[in-house]
1. Taking interchain pairs and intrachain pairs at least six residues apart, which have beta carbon atoms under 8 angstrom, with the first residue in the range A:89-104 and more than 9 Å from chain B (Cβ to nearest Cβ) and assigned to a helix (DSSP H, G or I) and the second surrounded by fewer than 17 Cβ atoms within 10 Å (Cβ to Cβ) and acidic (Asp, Glu)?
2. Take the range B:109-131 and flag every residue that is touching a Ser or Thr at 6+ places or on another chain (Cβ under 9 Å) and within 10 Å of another protein chain (Cβ to nearest Cβ).
3. Looking only at the range B:31-49, how many residues end up being surrounded by 23 or more Cβ atoms within 10 Å (Cβ to Cβ) and at negative phi?
4. Among the residues of the range A:23-44, write down those that are over 12 Å from residue A:122 (Cβ atoms), of a type outside the set (Gly, Ala, Ser) and assigned to a loop (DSSP other than H, G, I, E, B).
5. Has the range A:242-257 got at least one residue that is of a type in the set (Asp, Glu) and over 28 Å from residue A:192 (Cα atoms)?
6. So if I check each of A:324, A:276, A:333, which one is closer than 28 Å to residue A:236 by Cα and acidic (Asp, Glu)?
7. Filter the range B:172-204 down to residues that are more than 8 Å from every other protein chain (Cβ to nearest Cβ) and touching a residue at least 24 places away in the same chain (Cβ under 8 Å), then give me how many there are.
8. When you look at residue A:324, is it surrounded by 15 or more Cβ atoms within 10 Å (Cβ to Cβ) and touching an Asp or Glu at 6+ places or on another chain (Cβ under 9 Å), yes or no?
Number of protein chains: 2
Amino acid sequence: MHQEQRQRTQALLKSRGIDRALFANFNSVKWLTGMAIPVQLGPNFFAGGPPLLWYEAGHFTLFVVDAYAEAAVPFGQDPDGTLVPYLGYTIEQPIAGAEHLATALRKVIGKSTAKGGTIGLEERDVTLMVSNLLQNELISGGTFSAIDGWLESLRMVKTDEELAKLKENFALTDIGHATARQAIAVGKREIDVWIAIHEAVQQAAGRRVPLGNDCVVSDRRANIGGWPLEYNIEPNSALTVDLSTVLHGYWSDSCATYYATAPTPQQVAVHKTVSEALDFAISLIRPGVMAKEVDQKVRQFITDAGYPVYPHHTGHGVGVSGHEAPRIVPYSEEVLQEGMVIMLEPGIYIPGQISCRLEDGMRITANGVEILTKHDKSLP
Amino acid sequence: MHQEQRQRTQALLKSRGIDRALFANFNSVKWLTGMAIPVQLGPNFFAGGPPLLWYEAGHFTLFVVDAYAEAAVPFGQDPDGTLVPYLGYTIEQPIAGAEHLATALRKVIGKSTAKGGTIGLEERDVTLMVSNLLQNELISGGTFSAIDGWLESLRMVKTDEELAKLKENFALTDIGHATARQAIAVGKREIDVWIAIHEAVQQAAGRRVPLGNDCVVSDRRANIGGWPLEYNIEPNSALTVDLSTVLHGYWSDSCATYYATAPTPQQVAVHKTVSEALDFAISLIRPGVMAKEVDQKVRQFITDAGYPVYPHHTGHGVGVSGHEAPRIVPYSEEVLQEGMVIMLEPGIYIPGQISCRLEDGMRITANGVEILTKHDKSLP
């Protein structure tokens, strides 16, 4: 699982003179191992920290608290991967995840015969405790070097394995949107629509699935988004429903705007313009195009239609995170490539008055795009 | 909000010669600030790391990514608290949460006129980047010292403010259990019961609420627990439903076993024994009792009844985490005190055959306990 990711990484590390490395970033570890780290309830109580991945001599060793080991079994079965679970929960002695993690690191890294060289560290994520262990005890004669963010550009082009995971998530958000379209009604609260969406998603998945992002009536939070609360859906309310699921550690994304009653003429006009802007944005996507050019042209489209330009990105990549490179934003000179998976999401927001956002996800192909979102974004 | 927690902490730091300190542990920061850090979808994409809390001269400064600032506003309004949000998401420049966090730390800690002294660090959670910034740039002439785990014993006795938060959570898990008792039926899957529970909890709360822990038919996972999946509930199935909610950053807990059809004579006998064991356990709780004595006596009760003893704890504290001190386990010499909030949860498990666990939460009072869970744990 995810061997291609590790091959890309190994090539990069070699080219930059890194002999050994410790990955501690949540997204780096997910991407390198294919492990779906549980997130729903926050940090594991018994862990000595997030999972860590050690690279040395073409091999990757994953250190995880025992409760998470089940999620990492496929990685451990790969020829270039070793899974090292350490003791978390026990009733025989005080909880000591950090000590057990340290013991596991000593056993693997401390027994290495490699000397010196350059050791890469994700310094923005590795803890001081782990760093002290490496730098003061386990590794002698080496030079340590920050490698934060190095994998982000490698993550942009998705493998077939990743695409399959992403497609499962997009299928779930499609189900969520079909439910939202049915569920919106005067007298319900935002949270009621959200609950219906989450129910449909989890029924289809047959398991717990984290659900993001927005479910708000359009007259609050500057009309843009936010978590569902007890706000009532009123006649003429528009509901911005922006959904992500996280299955297999991968994110989908998607947005549509739904109406509690027949949309007003202004809502119809805005919705049509946003729909046209999205179609226009999609028409711009192909390999070789620069991200900021797409961004600029779609903003111009909205301006030309006589509306205020949206205050957020035009789009972004998705993968092990819900927002990653390539960012479709005003400054980005990233050049689009075949195999990237991106979202496009123009919107029109007039605070206190009206809002509409429509979003599609797509894989960039040799000539254009393959649309991955199938949800109905039309006016009712 | 949570000023008493900060007063207890300041007294501890002073007594141990710590002049300044950086708290980086997720539960430390929640407990010290009252901030309910969002967890549902994993780490914020735009943050430079988890929230950090700096202590100096009786004052606490919280560094959080701007997206989380709303959740920390009450802390920032306290006389001993300052909230410092830093830039996360932006479309004007590359995402650079770590750099913006560093800038914020420089502005606050770098301008301090304090020199030398002993600076406490939660070394198991603080990142190397932040530690390097403090140790190599911002603080001169000081000695750094690990303070990991220091707050755990301070967290055991709950304040009235915490008790109110806990009670809101226990009310939600009560609702979840009432739903589970109704929802269990032959032909449904574990996940279907879970979805019904989560729906009822979120409808009552009027917002998204993370939900843990177990919802499994009793013939899998050694009969003890696990996340709900697509396993079918069959005739004679028992369903172990162990629920926690996380509202306001605080955890409830609770467990009961439900039956798809009229329980078998063996299920009835086991359920009655577990119920008696729970009542017996509760009867043992009062200030001055040692945790391991409770643990030993309840295990003996199960053994005396002719059943194998459960392989987990007899109980544990709850608060900003779902499992914390005092642990009611074989080794613990912790002495119970008034104001602690603990769970007790004896069970009987015969792998492949039968399982039953019943769990109550309680506040320890001057003479005994106030039960905080109100769910119906009786046989149908």
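1. Final answer for the pair search is none.
2. B:121, B:122, B:123, B:124, B:125, B:126, B:127, B:128, B:131
3. Residues that pass the stated criteria total 5.
4. A:35, A:37, A:38, A:39, A:40, A:41, A:43, A:44 - these are the residues of the range A:23-44 that are over 12 Å from residue A:122 (Cβ atoms), of a type outside the set (Gly, Ala, Ser) and assigned to a loop (DSSP other than H, G, I, E, B).
5. The answer is no, given that none of the residues of the range A:242-257 is of a type in the set (Asp, Glu) and over 28 Å from residue A:192 (Cα atoms).
6. A:276
7. Going through the range B:172-204 one residue at a time, the tally reaches 20.
8. yes
The values are calculated or read from the model by the stated rules, or taken from the named source; none is laboratory data. Computed from a predicted model, the values in this text were never measured in an experiment. All Cβ positions, glycine included, derive from the backbone under ideal geometry; neighbour counts span all protein chains shown.
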